[in-house]
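Nothing in this text is a laboratory measurement; each read-out follows from the coordinates by a stated rule. These numbers come from a predicted model, not from an experiment. Cβ atoms come from the backbone with ideal geometry, glycine included; neighbour counts cover every protein chain shown.
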Amino acid sequence: MSRIETDSLGPVEVPDEAYWGAQTQRSLINFAIGRQRMPLAVLHALVLIKKAAARVNDRNGDLPAEIARLIEQAADEVLGGEHDEQFPLVVWQTGSGTQSNMNANEVIA
């Protein structure tokens, strides 16, 4: 089964069990190159930065405390290895890493 997610490029079909959204799915379609997945250590480092950013933005009053707490909770689940399968992208992406960044955002959200 699948669901329809929409981004600035329009609708795209995403597997129901996926925590990721449209941008990760598009990357899977557009960069179907090789099978070398992005190392979990790199993804976990990225998620740790997102957790720290949520904490700082909460302390500065720029993010509601409840939203920050939920981001930190989701980040801790990722860092604990609970959602490793939700990071399916390969290392072959554009040079900026936008796809992995968006994959992390979508999974945390």
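Answer yes or no as to whether ILE29 is exposed (fewer than 13 other Cβ atoms within 10 Å of the Cβ) and β-branched (Val, Ile, Thr). Judged against the criteria, ILE29 is a match. ASN101 fulfils the conditions (1) in contact with a strand residue (DSSP E or B) (Cβ under 9 Å, 6 or more places away or on another chain); (2) surrounded by 14 or more Cβ atoms within 10 Å (Cβ to Cβ) except for a single criterion, (1). If you check HIS83, HIS44 for being surrounded by 15 or more Cβ atoms within 10 Å (Cβ to Cβ) and in contact with a Leu (Cβ under 7 Å, 6 or more places away or on another chain), only one passes: HIS44.
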